[in-house]
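The values are calculated or read from the model by the stated rules, or taken from the named source; none is laboratory data. These figures come from a predicted structure and were not determined experimentally. Backbone-built Cβ (ideal geometry, glycine too); neighbour counts: all protein chains shown. Side chains included, ligands, DNA and RNA excluded: accessible areas come from the protein's heavy atoms. Shrake-Rupley method; radii C 1.70, N 1.55, O 1.52, S 1.80 Å.
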2 protein chains.
Amino acid sequence: MALKLEPGARLVVATHNPGKARELAEILEGRFELIAAGDLGLPEPDETESTFVGNALLKARAAADASGLIALADDSGLSVRALEGAPGIFSARWAGPEKDFALAMRKVEERLEEVGANDRAAWFTSALAVAWPHGPAVVVEGRVDGTLAFPPRGLRGFGYDPIFVPDGHAQTFGEMEPVAKDAMSHRALAFVKLKAALL
Amino acid sequence: MALKLEPGARLVVATHNPGKARELAEILEGRFELIAAGDLGLPEPDETESTFVGNALLKARAAADASGLIALADDSGLSVRALEGAPGIFSARWAGPEKDFALAMRKVEERLEEVGANDRAAWFTSALAVAWPHGPAVVVEGRVDGTLAFPPRGLRGFGYDPIFVPDGHAQTFGEMEPVAKDAMSHRALAFVKLKAALL
């Protein structure tokens, strides 16, 4: 087995997050035949690892082994410098079972007030993993640096996008056109690495 | 960057375990120029992940990014069916700070007595990860099934080898010639997968 992804290959996308699935589909631009893990009835494994790459790998591995197809998974999150990298891999969990990111963004603001930090530096990380059923896996990581802005601005994107202004820009990820975000995002940067490795 | 390992490439071996380093060197058979992470003064990162592949990846990633060289790491352990997979990723930690595997093997025997299990099924797992500095990483996993035998037999190998009899054989890994163990071990099987993926 060579580590190659042929154009048109069938890929299971191991995410149950519709926002992520949509972005991955945009980034992959019709290169592959994408199948949602949920559509195959695959369960969502617990994200028990302590790093983005570890969790992306775990999700891709589980989906590939259960489906018999090559699987792609993303694990990503927001890290805030003044909060020692929090929420990090717990980014989704800060939004609670209701996936309420308005609440999660308020939590970030409150924690910053609690620690009395003026530092607003933050970064988004995306780990992408591709796993072959019962075979090897490849993982890459992309990162974009920026600054937090409160209150949240913009209705686009998902998750913490409305409070994140990437360096060199004025708009939050929540305000940007999808095509603009896709050109610079952590997920897009990770995909550039993945493409260089596998295509 | 293509995911290829050219023969003769320099590889940092990210293990501080002399037994593992020796086995990897035997398995890699002079294909690469191997450099020990300890010889470069690289620190040993905490194994904070909850899977073999996660920990192998973490160690390879850390060594590659710190050294600027392609790094290879192994994470491996013994899983006992009647102990729900323990010691698993904690295999080395059961041996304590003194790395006393005679103690660790006694612990396995005592736990089996405590749970009153007659089932002696067990397996060794080895995850191998290759990471490019600040680039992609590839991970594979190999597994060998067998049976536990007490008391420990044989002085070869390392770790739990003296209590593990691989299926279809009568000797423990501790009794086998290195060349025999290297032909069937979890680490060798993982390497076959890695080779298929990268060479």
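Key figures
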read-out	value
Test: A:Asp75 is charged (D, E, K, R), touching a Phe, Trp or Tyr at 6+ places or on another chain (Cβ under 8 Å), within 14 Å of another protein chain (Cβ to nearest Cβ) and over 27 Å from B:Leu199 (Cα atoms)	yes
Within the stretch A:16-49, considering residues that are assigned to a loop (DSSP other than H, G, I, E, B) and open to solvent by less than 50 Å² (accessible area, probe 1.4 Å), the one nearest to B:Ala196 (Cα to Cα)	A:Phe32
Qualifying residue in the stretch A:170-186 (condition: within 30 Å of B:Ala127 (Cβ to Cβ), away from every other protein chain (no Cβ under 14 Å), assigned to a helix (DSSP H, G or I) and touching a Phe, Trp or Tyr at 6+ places or on another chain (Cβ under 8 Å))	yes
Residue, least open to solvent (accessible area, probe 1.4 Å), within the stretch A:108-124, restricted to residues that are over 18 Å from A:Arg93 (Cβ atoms) and part of a strand (DSSP E or B)	A:Ala121
B:Phe191 vs. criteria closer than 15 Å to B:Thr125 by Cα and aromatic (Phe, Trp, Tyr)	yes
Candidate set: the stretch A:153-170, residues that are open to solvent by less than 40 Å² (accessible area, probe 1.4 Å) and hydrophobic (A, V, I, L, M, F, W, C); chosen: the one farthest from B:Asp65 (Cα to Cα)	A:Ile163
Evaluation of B:Met105 against (1) open to solvent by 10 Å² or more (accessible area, probe 1.4 Å); (2) more than 14 Å from B:Gly77 (Cα to Cα) (one fails), failing number	(2)
Failed condition for A:Asp167, given (1) within 14 Å of chain B (Cβ to nearest Cβ); (2) free of Cβ contacts under 8 Å to residues at least 60 places away in the same chain	(1)
Search result, residues across the stretch B:1-37 that are within 14 Å of chain A (Cβ to nearest Cβ) and within 16 Å of B:Phe191 (Cα to Cα)	B:Leu3, B:Lys4, B:Leu5
Answer residue from the stretch B:1-15, given it is open to solvent by 70 Å² or more (accessible area, probe 1.4 Å) and part of a loop (DSSP other than H, G, I, E, B) and is nearest to B:Gly157 (Cα to Cα) among those	B:Pro7
Criterion: open to solvent by 10 Å² or more (accessible area, probe 1.4 Å) and either in contact with a Lys or Arg (Cβ under 9 Å, 6 or more places away or on another chain) or within 30 Å of B:Gly142 (Cα to Cα) (or both) - qualifying residue of A:Phe150, A:Phe173	A:Phe150
Matching residues, the stretch A:71-100, being open to solvent by 50 Å² or more (accessible area, probe 1.4 Å) and over 30 Å from A:His134 (Cα atoms)	A:Arg81, A:Glu84, A:Pro97, A:Glu98, A:Lys99, A:Asp100
Count of residues meeting criterion [touching a strand residue (DSSP E or B) at 6+ places or on another chain (Cβ under 8 Å) and more than 19 Å from B:Asp75 (Cα to Cα)] in the stretch B:112-132	3
Qualifying residue in the stretch A:125-134 (condition: away from every other protein chain (no Cβ under 14 Å), open to solvent by less than 10 Å² (accessible area, probe 1.4 Å) and more than 19 Å from A:Pro18 (Cα to Cα))	no
Qualifying residue in the stretch B:129-143 (condition: farther than 25 Å from B:Leu69 by Cβ, touching a residue at least 24 places away in the same chain (Cβ under 8 Å) and not acidic (Asp, Glu))	yes
Number of positions in the stretch B:38-70 that are in contact with a helix residue (DSSP H, G or I) (Cβ under 6 Å, 6 or more places away or on another chain), away from every other protein chain (no Cβ under 14 Å) and closer than 26 Å to A:Ala129 by Cα	1
Filtered residue count, the stretch A:135-164, keeping only those that are away from chain B (no Cβ under 14 Å) and among the charged types (D, E, K, R)	4
